[in-house]
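The next block holds one structure in the form of structure tokens; read it before the comments.
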Amino acid sequence: MGFVVPRWQDSGVDNEQLGLFAPPRRLFTCTPSKLGSYEDCPRRYRFSYVDRPAPPKGPPWAHNSLGASVHTALRSWYGLPADRRATAALPTLLKATWVREGYRDEEQEREVFRRALGWLESYVDGLDPDEEPLGVERTVAARTETLALSGRVDRIDQRGDELVIVDYKTGRTGPGPDDARGSRALALYAIAAERVFRKRCRRVELHHLPTGTVAAHEHTDQSLERHLRRAEETAADIVAAESAITAGTPPDEAFPVAAGPWCSWCDYRKSCPTGQQAEVKDPWTAVDRPSQVDTR
Ligand code: SF4
């Protein structure tokens with residue numbers, strides 16, 4: 001049986017260049033999060049990417065502020081010279097880019113700040129400050145016959161001759177190996193990182209800061225290919241839904257709802273008649289009782 005070169009490891013020549021006299025193929029430009037938004041709920045995708053002006057979003061969520069703050073602090077930590085990468089640097093780093101939105105009051109915000117600092121201190125304690133990642137919050141991109149994919153990866157490590165995709169998580173519930181295996185975003189990042197750095201990338205890891213656990217998965221060519229195929233199928237569904245609207249199909253029909261407990265956490269709940277039936281959550285609920293969060 002011959003070795004099949006995965007589609008994202010092709011010659012590097014853009015597909016458009018190959019068909020010199022063919023009309024240029026229009027690629028669907030997307031990030032994993034854009035595709036995931038449609039897979040979670042087509043209506044939410046429409047609100048985010050199709051309707052203009054977009055419907056107003058609800059207020060900012062404290063759990064998003066917390067996640068963003070922790071991610072930025074880790075980026076800043078890697079931005080320091082290796083000899084200054086110590087836990088003592090963390091309070092200043094976290095404070096400098098702390099996002100204040102969504103908290104109930106200052107008392108809650110202070111408590112969550114201390115919690116985040118504790119996570120960061122434990123996490124950084126297990127890192128080798130001299131180990132330089134290949135990329136931190138690095139944007140990677142790849143093209144297939146139908147997709148122009150890009151996305152920003154929390155961290156790309158090089159271990160031996162291979163790359164590893166690292167994604168930080170800050171929710172209460174620690175992810176498991178199935179989450180790492182099933183994550184379309186991580187698989188697409190692996191594909192794009194391999195394409196950008198021209199190094200094999202099969203391992204993806206979810207680093208859960210609250211518990212200090214790592215959920216990992218080793219992809220195969222076949223499993224990455226499956227994720228890529230599903231991404232292309234999702235893109236095809238989106239293009240078909242947008243064409244249907246152009247052809248006169250009512251937007252609510254072209255982009256149907258996929259309702260569930262996650263509606264309570266949807267930014268567009270107030271603009272969505274289905275979502276309005278979901279339980280109302282305060283912007284700070286998830287940092288108070290994170291175990292109840294199902295934001296999809
Ligand atoms: S509230 Fe629920 S059904 Fe409505 S757009 Fe958001 S996720 Fe979809």
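Read-outs: derived from the displayed coordinates by stated rules, not from any lab. Predicted, not measured: the structure shown is a model, and the values here were computed from it. When we count neighbours, we look across all protein chains shown, and the Cβ atoms used for this are built from the backbone with ideal geometry, even at glycine.
Here is how the numbers come out for the structure above:
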{"read-out": "Average Cα contact separation per residue, the chain, under 8 Å, 6 or more apart, as relative contact order %", "value": "22"}
{"read-out": "The chain, helix-only ellipticity at 222 nm - DSSP H runs n ≥ 4, -39,500 (n - 2.57), divided by all residues, nearest 500", "value": "-11500 deg cm²/dmol"}
{"read-out": "Within the chain, percent of DSSP bridges classed antiparallel, to nearest 5", "value": "65"}
{"read-out": "Antiparallel bridges, percent of DSSP beta bridges restricted to region 117-263 (to nearest 5)", "value": "75"}
{"read-out": "Order of Arg52, Arg143 under a 10 Å beta carbon neighbour criterion, fewest first", "value": "Arg52, Arg143"}
{"read-out": "Value of relative contact order over region 215-296, rounded to a whole percent, pairs C-alpha under 8 Å and six or more apart", "value": "21"}
{"read-out": "Local electrostatic count at Glu205 - Lys and Arg +1, Asp and Glu -1, tallied over other residues with Cβ under 12 Å", "value": "+1"}
{"read-out": "Assigned charges on the beta-carbon of Lys, Arg, Asp, Glu; the chain dipole about Cα centre (debye)", "value": "380"}
{"read-out": "Global form of the chain, assessed from the alpha-carbon gyration tensor, a/c cut-off 1.5", "value": "oblate"}
{"read-out": "Overall form of region 29-159 per C-alpha gyration tensor (a/c, 1.5; a/b vs b/c)", "value": "oblate"}
